[in-house]
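What follows draws every value from the coordinates through simple rules; no lab data is involved. Computed from a predicted structure; not experimentally measured. Every residue, glycine among them, receives a Cβ derived from its backbone with ideal geometry; neighbour counts consider all protein chains shown.
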Amino acid sequence: MAGPSVQKVQNGSSGLSLGNQMSSNSGTNGGSARGDKKNTGIEVIDKSKDTHHTYKVFYYTDTIFTTVTRRASVVDQWIADLYKDYDLGKLNNIVVGLDIEWRRIRRGYTGTRNKVAVLQLCLDKRCLIFQFAHCDQVPKSLKDFLGNDKFIFVGSGVDADAYKLMVDHNLMVARTEEVGSLAAFKTGESRLHRVGLKKLVREFLQQNLPMRRCLLINWERDVLRDEQIEYACLDAFVSFKLGVDLMSRATQVRTYQNNKNNNRQPEMNLKDSDFPELQKDVE
């Protein structure tokens, strides 16, 4: 079966090859400011298998085909299908949405953080939800996929997510891109550096995410609830969609002129303090 079409998206001076990257953002209307539930939904495709369950998750006009599994063999097949259907071997700089979930309630009196229980990956309208908490093993295919620098894993807080994956499951994520930092870079608006996923989705996609009520639900459950699956899928999907949208935008180039009357220096929108990762420690 022929895979989806592939289009070239120009990102300033560099070309990004992005599998079937979603350019239909302008065709959807945002819901209410609280994140209208009528724009999302979930439908079971098949829950009869022991190895995995499949769902359709709905978000505005998009349908995301979602696979939930704890089996390494299912992950192997999901990744293999991506390579085949999207011809990924011939592309570079492929955007993939990434998110993780863990049980927020800390263990015992030590306050130890629980390990990452769930990993979500999304490319185009396919989402994988992998349950570390009950997996038979962490598949090598997943390690290779995350460690392949032809993929750009995007998300809100994705650097911290990548660190947790390394510490908890010895999985190295080769390339990450924070959607907030990317938005700030593309637009020249430093305030976006600290904006969360929900607000970024509203500002750039003109869509709303449902209220985040699943954070304190037990992500180590043997069988995830439908609301957890919907929530997990949508976070990875909108991260993917945001990444594609932002990378396809031209970087804003701003020029500044001195005021000849008072010889004032130009006012810059971006400050060093907006990017602490660029600053050196001072004793």
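Here are the numbers for the structure shown:
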{"read-out": "More than 24 Å apart - percent of Cα-Cα pairs taken over region 139-244", "value": "31 percent"}
{"read-out": "Distance between modelled label sites at Met172 and Phe65, nm, 7 Å Cα→Cβ extension", "value": "3.3 nm"}
{"read-out": "Label-to-label distance, nm, for residues given as Lys115 and Asp81 (7 Å Cα→Cβ offset)", "value": "2.7 nm"}
{"read-out": "Per-residue HN-Hα couplings for region 100-105 [Karplus 6.51, -1.76, 1.60; θ = phi - 60°; Hz; x = Gly/Pro]", "value": "9, 9, 8, 6, 5, 5"}
{"read-out": "Computed E for Leu91/Asp136 - FRET, C-beta separation, R0 35 angstrom, nearest 0.05", "value": "0.70"}
{"read-out": "Potential lengthening between Arg221 and Glu43 on full extension [0.36 nm per residue; Cα-Cα distance subtracted]", "value": "62.1 nm"}
{"read-out": "Karplus-derived HN-Hα couplings along region 146-155 (A = 6.51, B = -1.76, C = 1.60, θ = phi - 60°), whole Hz, x at Gly and Pro", "value": "5, x, 8, 7, 7, 9, 10, 8, 10, x"}
{"read-out": "For region 53-65, 3J(HN,Hα) per residue [Karplus equation, 6.51 cos²θ - 1.76 cosθ + 1.60, θ = phi - 60°, Hz, x = Gly/Pro]", "value": "10, 10, 9, 10, 10, 9, 9, 6, 8, 9, 10, 9, 7"}
{"read-out": "Sorted by Cβ density within 10 Å, fewest first, the residues Thr40, Thr66, Thr187, Thr251", "value": "Thr251, Thr187, Thr40, Thr66"}
{"read-out": "Fully extended contour minus Cα-Cα distance, from Thr51 to Arg104, at 0.36 nm per residue", "value": "16.4 nm"}
{"read-out": "Förster radius 30 Å - calculated FRET efficiency between Asp144 and Lys199 (Cβ-Cβ, nearest 0.05)", "value": "0.30"}
